[in-house]
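Contents: one structure, followed by commentary.
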Amino acid sequence: MITCGQCGQGYATKAWLFQHTIKAHSGPLAEAAPPRPPEPPEAAPHKKKAHVVNEDSWHGEEGVWASSAGLRGIAAEEEAARTRLSELKAQVENTQRVVAATIAQERDAFLRARDAVAQLKRETEALGDAVRKRAAAREAVDEAWAVAQVAKDAAAGKVLAGTCSVCLGERVPLSVLAPCGHACVCKGCSVTIAAGGIKCPMCRAPVESVVHRIFQSS
């Protein structure tokens with residue numbers, strides 16, 4: 001006999017107990033549509049979960065060891081990279097110092113060369129001035145000697161002397177203007193006439209050359 005759990009009434013079969021439960025304890029909705037007893041769930045096949053261990057896994061001793069080795073390798077690579085970076089930085093700084101020293105040496109050499117060139121230029125100019133002054137002095141000495149000699153010859157009546165038609169100097173040695181042949185100017189005026197392209201003061205002919213110290217026949 002099967003007893004109702006709610007009212008304690010007994011039934012011979014489960015079908016009668018089910019009908020009693022519907023009528024006595026489930027209400028009108030239950031009578032109209034008796035509920036379908038739930039089907040027992042199918043047991044899912046048991047699958048054994050595989051335990052996977054890789055290099056990056058922290059599960060298990062092997063995973064911990066592999067991850068630690070990987071971290072040690074990364075740390076070693078970082079340390080090697082930092083060491084290489086320090087070496088490269090030192091090389092760059094050394095190169096910069098060498099370049100700076102080279103530039104300073106080249107700049108000093110350039111300044112020394114520039115000063116030497118300036119000094120050589122000054123010495124050359126001074127030498128040129130000295131040469132020109134010496135030449136001028138020598139020319140003045142030669143001119144004074146020539147004038148004295150001509151005056152001496154003129155006083156002795158050896159050269160042609162007279163009055164210059166330009167500067168009006170009297171008893172001066174006269175020079176001959178060519179090609180016209182006029183002996184009418186002194187040596188200084190004849191040089192001025194020949195250098196400046198001035199014509200003969202007597203005939204206005206072009207002067208091509210001058211002849212100095214015209215000697216008189218004795």
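Things worth noting here:
- Some residue of segment 39-61 being part of a helix (DSSP H, G or I) and modelled with pLDDT under 75: yes
- Single match in Val117, Val131 (criterion: modelled with pLDDT of 90 or more and closer than 30 Å to Gly188 by Cα): Val131
- Members of segment 166-195 found to be in a strand (DSSP E or B) and surrounded by fewer than 17 Cβ atoms within 10 Å (Cβ to Cβ), listed by number: Ala178
The values are calculated or read from the model by the stated rules, or taken from the named source; none is laboratory data. Note that the structure is a prediction, hence the values are computed from the model and not measured. Please note: Cβ atoms are built from the backbone with ideal geometry, for glycine as well, and neighbour counts cover all protein chains shown.
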